[in-house]
Each structure stands twice: as C-alpha cells, then as structure tokens.
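Here is the structure we will look at, set down as structure tokens.
The values are calculated or read from the model by the stated rules, or taken from the named source; none is laboratory data. Keep in mind it's a predicted model, so treat the numbers as computed, not measured. No Cβ is skipped: glycine too gets one built from the backbone with ideal geometry, and neighbour counts run over all protein chains shown.
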Amino acid sequence: MKVLIAEDHPPSRRLLAALLRRLGHAVFSAADGTTAWRLLEEQHFPALIADWMMPGLDGVELCRRLRAAGREEYTYSILLTSRTARSDYLLAMAAGADDFLAKPLDSEQLSARLHVAERVLGLQQRVHRLEALLPTCSYCRKVQDARTDTWTPLETYITQRTETSFSHGVCPACMDGVTPHPSADPGSARETQ
C-alpha cells in the first residue's frame, strides 16, 4: 500500500519509513504538514501516518483538511502522538482521523492498524464498485435512478449526467432483422399455378 508519512522529526521519520518498507509498503515522506498537504493535493495516498504536533500544519489540521476536501478516493489516516488523554483522542477522531497511535511507536500495533486500514479501504472500493452498477431493465433498457427511485430511458439518464448526446441509427445485425430480404418481399414474387 502507498503510505504518506508526515513527521517533522527526521530520526522518527526515517525509522517509521524503514519499518513501513519492511512491512511491504511504498513509502513517501514529508517533513511537515504543509508539504504533506501539497502531496495529498497532487496524488492519492491510501494511507496517511501523521505526527500530531508539527510546526505549521499539524496532524489534526491535516486530517481535518483531508476530510473537508471530500475526495472520492479515501485516505485512511493514523495520528501518532504522545498525547493520550481521552479528550485528545476525541479531538483527533472529530477531525477525521481513523486511528490514533501513541508514541513511542509499537511496530506490531502499527502493522495491525495498517491491516485494518487495508480492510477498510478494500471495503470502500467494493462499495464504490457496487454504487457504480446501474440497475437496467432487461426488456426496455430503462435505468433505475436511485435518487428518485424512478425508471428513466437510458439515453435520458446519461444525457442528464454527462455531456453525451445520442444520434440514432440501425446496426447491421438489426438492419438484417428489420429490413425485409428481397426474396421475402411478397410483391416481387409471382405466384405460379
């Protein structure tokens, strides 16, 4: 999994990166929250591990911005901190953090948390695939609009949601089925007696 680290303490950042690589993850690092945010704006990272306390943009604000962006692709976020008060935990969760790990970092706990992240991200991808299915009538080809629970002609449904327009024609297979064959034309054949 592609993981972005936001950690301002260089030895901690290097240690975390080495641990994540040993666990088989692709690691990208940022020395502060502002740089991490810029990277998050440029590309998708399935997981973010951010230190709570960093100069400038801290981990909590980074999570808050990430959730406020409302992206389609989800980023599972884990905050690292030495803060262990219940109120800190609640603040982090309210900001949009998915998990919270206390420092000093326990490699087994981190590994377990990343397994949870992979499960959550997998479920999220599955939901997106299911949402992408269009219930279509096998007979009339109308599409069920989930927002209004009505059935709409396919062309109308697509035209309302995209810049697509339709022109109609007849494909060769249908042309053969619709257009009478010259030998089948009753006016062209003579009755013989």
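Pick out the one residue from Ala94, Ala69, Ala36 that is buried (at least 17 other Cβ atoms within 10 Å of the Cβ), assigned by TED's automatic domain parsing to the domain that holds Ala17 and among the aliphatic types (A, V, I, L, M).
On the way: Ala94 fails: buried (at least 17 other Cβ atoms within 10 Å of the Cβ); Ala69 fails: buried (at least 17 other Cβ atoms within 10 Å of the Cβ).
Every option except Ala36 fails the conditions.
So is Pro46 within 20 Å of Ala18 (Cβ to Cβ) and crowded, with 17+ Cβ neighbours inside 10 Å or not? Don't jump to the end; show me each part of the working.
Details: within 20 Å of Ala18 (Cβ to Cβ): yes; crowded, with 17+ Cβ neighbours inside 10 Å: yes.
Yes.
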Inset, instruction - Could you figure out which of (1) surrounded by 15 or more Cβ atoms within 10 Å (Cβ to Cβ); (2) over 25 Å from Ala36 (Cα atoms) isn't true of Tyr139? - result: (1)
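State whether the residues of the stretch 107-114 include one that is in contact with an Asp or Glu (Cβ under 8 Å, 6 or more places away or on another chain), part of a helix (DSSP H, G or I) and under 24 Å from Leu23 (Cα atoms). Explain how you work it out, then say what you get.
Step one: filter the stretch 107-114 for residues in contact with an Asp or Glu (Cβ under 8 Å, 6 or more places away or on another chain), giving 113.
Filter once more, so that each one left must be part of a helix (DSSP H, G or I): 113.
This time we only want the ones that are under 24 Å from Leu23 (Cα atoms), so: 113.
Yes, that holds for at least one residue.
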Legend entry - Residue count for the stretch 56-105, restricted to those that are farther than 20 Å from Ser29 by Cβ and outside any loop (DSSP other than H, G, I, E, B): 15
Inset, instruction - Identify, by number, the condition in (1) surrounded by 13 or more Cβ atoms within 10 Å (Cβ to Cβ); (2) farther than 25 Å from Leu4 by Cβ that Leu62 doesn't meet. - result: (2)
